[in-house]
1. If you project the alpha carbons of the chain onto their three principal axes, what span does each projection cover, largest first, in Å?
2. For region 270-276, in order, what is each residue's ³J(HN,Hα) by Karplus, 6.51 cos²θ - 1.76 cosθ + 1.60 with θ = phi - 60°, in whole Hz (x at glycine and Pro)?
3. According to a simple spin-label model (label point 7 Å from Cα along Cα-to-Cβ), what is the distance in nm between Ser268 and Gln688?
4. Can you figure out the FRET efficiency of Gln734 with Leu626, using R₀ = 35 Å and their beta-carbon distance, to the nearest 0.05?
5. How far is the Cα center of region 585-625 from the Cα center of region 182-257, in Å?
6. Take Asp415 and Ala34, extend 7 Å from each Cα along the Cα→Cβ direction, and tell me the distance between the two endpoints in nm.
7. Give the separation of the Cα centroids, region 504-564 to region 658-735, in Å.
8. Taking Lys183 as the anchor, which aspartates and glutamates have their alpha carbon closer than 13 Å to its alpha carbon, excluding any fewer than eight residues away along the same chain?
Amino acid sequence: MQSGTQAVLALRAGGAALVVEVRHPTPRVLHWGADLGDPADGRYDDLRHTAEPAVLNNSPDQPRVLSVWPTAHDGWSGTTAQTGNALGRATTPRPVLDTHHIELPPDGVGGRIEFRFLDRVTALRSAITYELDPHGVLAVSMSVQRDAALDPAGGTTPYTLDGLLALLPVPERATELLDFTGKWCRERAPQRTRFAFGTHLRATHRGKPGHDSPYLLMAGTDGFGFGHGEVWAMHLAWSGEQRYLAERLPEAPGAFAAVLGAGEALHSGEVILADGDRYDAPTVLFTWSGTGTDGVADRLHRRLRARPHHPATPRPLVLNTWEAVYFDHDLDRLTRLAERAAAVGVERIVLDDGWFHGRHDDTAGLGDWHVDRDTWPEGLDPFVKVVRDHGMQFGLWFEPEMVNLDSRLARQHPDWILGPRAGLGPSARQQYVLDIARPDAYAYLLERIDDLVRAHAIDYLKWDHNRDLLEAVSRAPDGDRPAVRGQTRALYRLLDELRARHPRLEIETCSGGGGRIDLAILDRTDRVWASDCNDPVERVQIERWTRTLVPPELIGSHLGAARSHTTSRTTDLSFRLIASLTAHAGIEQDLTAVSDADLAAITAWSRLYRELRPLLHTGRVVNADLADDATALYGTVAHDGTRALFTWARLHTSPAGQSGRVRFPGLDPAARYRVAVREELGTASRHQGHDPAWITQARRNPIELSGAVLAVAGVPLPTLNPQQAMLFDLERIQP
């Protein structure tokens with residue numbers, strides 16, 4: 001650890017860098033982006049010498065600064081890092097640097113910088129920490145603590161914190177923005193706009209990130225894509241309400257053009273700091289890439305895979321019972337389903353909604369986490385035994401944060417329901433939210449879930465959360481109090497405690513599908529349910545963008561029935577199998593109702609999944625930049641370059657009759673590859689007379705092609721009919 005008066009501090013890793021200048025009253029950011037190289041020749045001092053912009057007409061008489069804690073005192077007229085007041089006073093924060101420290105590992109890769117401040121205007125001690133991991137992902141953490149001794153007037157008025165935002169600058173060449181919106185069954189729909197003047201603000205008010213979560217906010221150079229362009233990206237690791245912004249003002253922040261920032265969206269009065277109270281903001285992850293959005297994904301995936309608790313065992317093939325039986329829980333029927341599942345190679349069965357007291361439809365039972373003895377007269381043990389006797393793991397569905405009014409829990413504890421004293425608002429999906437921050441409600445949930453996990457040696461929990469939090473206030477003795485933050489922190493404590501008690505337990509996070517996916521919930525879970533939509537046409541796009549943040553082994557992807565439960569679209573089995581192969585695969589279908597031919601195809605898919613998962617769950621995710629958005633080429637390339645799997649898919653028709661030369665991204669142009677077309681799952685239907693000649697040959701026997709042709713020149717690909725896909729298996733030929 002170093003401290004002192006160094007003028008310039010730098011963190012460098014993975015081709016990325018953060019450079020800050022230590023100055024008073026507040027340090028400033030000199031650079032965030034590409035690594036500028038060894039500082040020994042004075043290049044970082046050159047950054048400092050060139051950091052001051054012009055003094056503009058009709059502006060402050062000193063050059064504007066973008067400090068590490070931007071305020072109006074810096075001359076910054078944009079959104080500030082901190083907002084709040086002490087009963088309408090102390091609204092102009094002026095943090096002054098107190099101490100700073102830098103920690104660099106022995107190899108100089110990554111490191112940590114911490115700045116601590118004293119603010120005699122707001123009577124707060126504040127801190128900001130920058131930590132760059134070996135993969136080039138920058139984690140920014142902020143905190144404030146009330147200290148009445150800093151108030152020169154000796155005031156003791158509590159400070160109401162309205163928000164903390166971690167802000168970093170981006171240069172003038174970042175001209176476009178990309179973030180996400182969506183809805184139930186259509187999560188992570190990308191939207192691209194020009195990075196215009198003003199504030200691009202995305203705020204979520206659902207008590208969770210939501211199906212329309214910004215997810216990742218990315219600023220990039222003109223026309224940036226999957227594999228090209230510079231990208232500055234940002235993700236808020238928080239499972240409650242969020243604020244993302246991209247802001248460009250005509251006068252600019254210091255020597256830069258614009259800023260990106262994120263933080264928790266606090267309700268008024270949610271954080272009131274009395275003397276000694278502290279607020280720790282959720283961590284914001286900033287990622288720079290010089291190779292498009294796939295470069296962002298690669299850094300984030302490497303970070304997640306380096307975690308000590310990242311799943312290390314092969315991700316088991318799952319069967320979830322929901323779309324197979326819905327609420328019709330019958331032991332004989334479920335036994336036949338389990339036997340079919342074992343026959344095709346399923347390794348884990350998850351018993352979904354319908355097993356607990358009074359739960360025969362979605363109007364009743366939520367909150368009563370006891371096995372329903374009418375449906376299960378002998379309890380769950382007979383079914384668990386069937387599952388285990390066939391060598392499979394057993395999982396169980398819960399929705400602990402929700403409650404039906406028609407339940408014993410709601411009748412006995414109406415005060416446990418989150419909502420104002422004036423009366424509950426409308427239900428959503430026939431349910432309300434349980435105030436799990438209440439110690440008694442929290443203790444009840446922990447006891448019930450813990451008991452069931454112990455009683456049945458449960459391997460896996462599917463943890464659902466099916467409605468937004470509206471009027472999310474807790475009924476405290478002194479009146480209604482905002483509760484989203486408390487609810488989120490209670491959720492984290494509950495998950496952490498269950499994992500501590502059951503270290504081998506795996507948990508899937510689901511929220512009406514993909515309504516709560518962020519890196520804070522993933523610190524406590526092992527899998528995300530990307531969407532309730534198993535329609536492969538929708539799923540290809542949903543998962544493609546989910547993978548920008550989450551690696552494939554953490555994304556549940558299930559085979560559904562021919563006619564989709566959520567869209568009513570009918571698709572071929574081969575397309576459904578291919579679409580659900582390249583993540584953490586599973587089945588959401590009644591296997592007792594499929595034909596022998598389909599069962600054989602599903603068995604072949606199961607074998608292929610087990611063959612390919614060592615590659616799919618460790619490799620680098622890549623996507624081809626294509627002019628025709630009716631098509632998609634995406635794949636996984638082993639980090640050592642020895643093998644790759646690509647999916648070529650067509651979603652709908654387009655004007656082009658054929659593809660032209662399509663480039664396979666991520667391959668080594670200097671290598672040679674053996675290319676095979678894998679058709680165990682069926683042959684894709686074509687909209688053409690004959691395949692390109694090389695495809696015809698590769699379908700018979702693997703063909704050898706150079707990486708230069710595959711990755712640089714490109715190769716012609718078949719024109720598939722809509723809702724069709726094919727697989728390419730590439731193996732590098734050793735010299």
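1. Result, largest extent first: 81, 69, 47 Å.
2. Once rounded to whole Hz, the list reads 6, 10, 10, 9, 7, 4, x.
3. 6.2
4. Working: r = 31 Å, r/R0 = 0.88.
With R0 = 35 Å, the Cβ-Cβ based efficiency is 0.70.
5. 33
6. A separation of 6.3 nm, rounded to one decimal place.
7. 28
8. Partners found: Asp212, Asp468, Asp532, Glu538.
The values are calculated or read from the model by the stated rules, or taken from the named source; none is laboratory data. Note that the structure is a prediction, hence the values are computed from the model and not measured. Cβ atoms come from the backbone with ideal geometry, glycine included; neighbour counts cover every protein chain shown. For accessibility, only protein heavy atoms count, side chains too; no ligands or nucleic acids. Shrake-Rupley method; radii C 1.70, N 1.55, O 1.52, S 1.80 Å.
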